[in-house]
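**Student:** Here it is, the structure, as structure tokens.
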Amino acid sequence: MLSGWRGMRMGQRALAEGLVVLALLGWWWSSLELPATVLPSPPVVGRRLIGILTTPALSWHVAVTTLRVLLSVATALLAGLLLALLAQAVPWLTGIIMDRILVWLNGMPSVGWAILAVIWFKVSDFTVIFVQVMILLPFSLINFAEGLRNLDRELIEMAMSFAGRRADVIRKVVLPMLLPYGVAALRISYGVCWKIALISELFGAQSGLGYLMLQAQAVGDATTVLATCFLIVILFALGEAALINPLARKLRSDLAEA
Amino acid sequence: MPAVPRALAPSGRTLAAHLFTLSTLVAWEIASRHVPVFLLPGPVLVAGQLWALLTTSAGLAQVGASLFHVAMALAGAFLVGTLVALLPYYVGGLRLAIDQRLTPFLNAFPGIGWTLLAILWLGLGLKTVIFAVGIILVPFMIINIREGVRTVDRDLLEMAASFGANRWREFIRIVLPSLLPFMFSAVRVSFGVAWKVTLTAELFGGTRGLGYTMNVARQELETPQIYAVIVLIIAIVYLANRFLFDPLQRRLQVGSRSPA
């Protein structure tokens, strides 16, 4: 039974990798007929990708984008947690935050933020991070608010009667209970941030992968556009495996110890 | 002092929210009088632009174009997403290929990348916008509908097979009904995303539509027009959720709760 299951798994695996190879071959085959400005071949794009990573002048753009993403995710998580706590703790703010600010943040198109932020703050690092944080905020706010709604009220009241100090109760009881929702907020924000990183850099930056991509598109350089897209996919996957997953595991084990 | 403050009564919550809306509008109007109009046009000015967008034939043509883009992209993505999500159900060996290769790849691929590539492949215009928006929506559709495919009741299927139901009847009677709620949430999630990414796609790759309008306004520093488009998008997403998707969802839940 087990060997049969394992065999099936192997078969699926072979089929999956086979289809990836087939897709690459299909891409390569179509690129033979088409000019490089329309569809460059996979080796050409691969070489450009490695070129971006190894040329200091270009890999600098990669580093800038990565740093902005990490900073924005951290800021958005903090701001979302703060807003959710406020909505929960101050009764007259609940409707304002959940029925007005959240609805507005949620409906706001990301490209709208990108254009308005440039009008307001000109081209700068702050502009890019502002745009990213505003786009991520509803995701993190929704997750933390959901967590706070599911909190064990009786436990908190009991802790209050023992500890008495509000700050202590928040730090030792409320925050640990929020942790799973925080991890969810982190995962979602991280994924979304890589996808919208390019948009926020299109208008508001003179550096970063979004800037690089728009420059390439303006001169019909499909190779660099494709290489940038794949780079984003790779950076996202690497960051998730190297940073987000271990962090989530560590947070969970800390919680188990506490 | 209670540890966790009790929430306000619903009416208090609504009142506070309305007061907030009102004071925001007033603060916006006052602030707009102290800064140049290209930075922050006042609410009255923006409302005027919005009115023009919704009442003049030129404005309505742009709104209509965006509506068409959104509808076509949603329909295309729904079709493709449903087919891809059902594939592993009928060809079991494809599960890994779709769940761990295709879907994560599509999900991580940046939307603006699709848009710029579509411009290089298809030029500016209708095809580019619909392709870019559609392919951005496909992973949202796959993820939601795959979730539904996993919940299809195996026992029910075996019973149907033992009664001699053929594949097509089995699909119509058992698979499709259990997928419906998931298809609904796939469309619901995609609808909000669709409006937002259509704006981006039209801005770069369109020759009409609200995103195109916004790009023209951006180049001419017609900030009130930009605000009007943003307000319209937020209103469309909010109103559709409130008056279309929420009632539909309630109905769907009531329906699924009825005894089988």
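**Student:** Working out 0.36 nm times the residue gap between B:Ser11 and B:Glu158, then minus their Cα-Cα distance, what length gain in nm do you get to one decimal?
**Tutor:** Net length gain for the segment: 47.8 nm.
**Student:** Now, a different point. Using a Förster distance of 45 Å, how high is the FRET efficiency between A:Lys172 and A:Glu17, based on the Cβ-Cβ distance and rounded to 0.05?
**Tutor:** 0.40
**Student:** So, one more: Considering the options B:Gly111, B:Phe245, B:Leu137, tell which one lies farthest towards the positive end of the dipole of chain B, charges being +1 on Lys and Arg and -1 on Asp and Glu at the Cβ, about the Cα centre.
**Tutor:** Ranked along the dipole, the leading option is B:Phe245.
**Student:** Related question: Treating only the Cα positions of chain B as identical point scatterers, give the base-10 log of I(q)/I(0) from the Debye formula at each q in 0.07, 0.16 Å⁻¹.
**Tutor:** -0.37, -1.20
**Student:** Lys/Arg Cβ at +1, Asp/Glu Cβ at -1, dipole of the range A:17-138 taken about the Cα centre: which of A:Val128, A:Ile101, A:Leu83 is farthest positive-ward?
**Tutor:** Of A:Val128, A:Ile101, A:Leu83, it is A:Val128.
**Student:** Still on this model: For the range A:67-257, what are Rg and Dmax over the alpha carbons, in angstrom?
**Tutor:** Gyration radius and largest Cα-Cα distance of the range A:67-257: 19.1, 67 Å.
**Student:** Right, next: With charges set only on the Cβ (+1 for Lys and Arg, -1 for Asp and Glu), what does the dipole of the protein assembly as shown come to about its Cα centre, in debye to the nearest 20?
**Tutor:** 720
**Student:** Between A:Trp60 and B:Arg251, what is the label-point separation in nm under the 7 Å Cα-to-beta-carbon projection?
**Tutor:** The two pseudo-label positions are separated by 5.9 nm.
**Student:** Which of the listed residues, B:Pro43, B:Gly206, B:Ser190, is farthest toward the dipole's positive end in chain B, when Lys, Arg count +1 and Asp, Glu count -1 at the beta-carbon?
**Tutor:** The listed residue farthest towards the positive side: B:Ser190.
**Student:** Taking chain B as a Gaussian network, where each spring joins two C-alpha atoms under 10 Å apart, which residue of B:Ala17, B:Ala201, B:Ala47 fluctuates the most?
**Tutor:** B:Ala17
**Student:** Bin all alpha-carbon pair distances of the range B:87-152 at 10 Å intervals from 0 and give each bin's fraction as a whole percent.
**Tutor:** So the P(r) values, bin by bin, are 20, 41, 27, 12, 0.
**Student:** Give the longest segment of chain B that steers clear of chymotrypsin sites (Phe, Trp or Tyr not before Pro) in DSSP loops with at most 14 neighbouring Cβ atoms within 10 Å, not counting the sites themselves.
**Tutor:** B:39-162
**Student:** Turning to a different aspect of this structure: Under a GNM of chain B (C-alpha, springs under 10 Å), which listed residue has the highest mean-square fluctuation: B:Gly48, B:Gly111, B:Gly93?
**Tutor:** Most flexible of the set in this elastic network: B:Gly93.
**Student:** Hey, can you list the DSSP H helices of chain B whose Cα span along the axis is 20 Å or longer and whose average Kyte-Doolittle score is at least 0.5?
**Tutor:** The qualifying helices are B:10-32, B:57-90, B:126-151, B:176-205, B:223-240.
**Student:** Which value, in nm² and rounded to one decimal, describes the direction-averaged projected area of the C-alpha convex hull of the protein assembly as shown?
**Tutor:** Here the figure is 29.8 nm², rounded to one decimal.
**Student:** Only helical DSSP H runs with n ≥ 4 go in: add -39500 (n - 2.57) per run for chain B, normalise by residue count and round the 222 nm mean residue ellipticity to 500 deg cm²/dmol.
**Tutor:** Taken over chain B, the calculation gives -25000 deg cm²/dmol.
**Student:** Expressed as a whole number of Å, what is the distance separating the alpha-carbon centroids of the range B:51-69 and the range A:183-249?
**Tutor:** Result: 33 Å between the Cα centres.
**Student:** Below 19 Å, Cα to Cα, which lysines can A:Lys250 reach? Residues fewer than 8 away in the same chain don't count.
**Tutor:** The reachable lysines, counting only those whose Cα sits under 19 Å from A:Lys250, are A:Lys172.
**Student:** Reachable aspartates and glutamates from A:Lys122, Cα under 18 Å, same-chain residues fewer than 8 places away excluded?
**Tutor:** A:Glu201, B:Glu220, B:Glu222
**Student:** Run the quick spin-label model on B:Glu29 and B:Trp51: label points 7 Å from Cα toward the beta carbon, then report their separation in nm to one decimal.
**Tutor:** That separation, rounded to one decimal, is 1.4 nm.
**Student:** Among A:Met108, A:Met158, A:Met134, which one shows the biggest mean-square fluctuation in a GNM of chain A, springs joining Cα atoms closer than 10 Å?
**Tutor:** A:Met158
**Student:** Same structure, new question: May I have the convex hull volume per residue, in Å³, for the Cα set of the range B:1-110?
**Tutor:** It comes to 284 Å³ per residue, whole-number rounded.
**Student:** By count of other Cβ within 10 Å, fewest leading, how are A:Leu179, A:Leu226 ordered?
**Tutor:** So the residues, fewest neighbours to most, are A:Leu179, A:Leu226.
**Student:** How would you rank A:Asp99, A:Asp152, going from fewest to most other Cβ atoms within 10 Å of each one's own Cβ?
**Tutor:** The order, fewest Cβ neighbours first, is A:Asp152, A:Asp99.
**Student:** For q values of 0.22 Å⁻¹, compute log₁₀ I(q)/I(0) with the Debye formula on a Cα-only model of the range A:1-94, without solvent.
**Tutor:** -1.05
**Student:** Related question: What longest region of chain B stays clear of trypsin sites (Lys or Arg not before Pro) that DSSP places outside H, G, I, E and B and that have at most 14 other Cβ atoms within 10 Å?
**Tutor:** Answer - B:34-260.
**Student:** Provide the gained length on full extension for the span A:Gln206 to A:Ala163, in nm with one decimal, where the gain is 0.36 nm per separating residue minus the Cα-Cα distance.
**Tutor:** 10.3 nm is the gain from fully extending A:Gln206 to A:Ala163.
None of the figures in this text is laboratory data; all of them are computed from the coordinates on show. The structure presented is a predicted model; accordingly, all values stated were derived computationally and were not measured. Glycine gets a Cβ as well: all are built from the backbone with ideal geometry, and neighbour counts include every protein chain shown.
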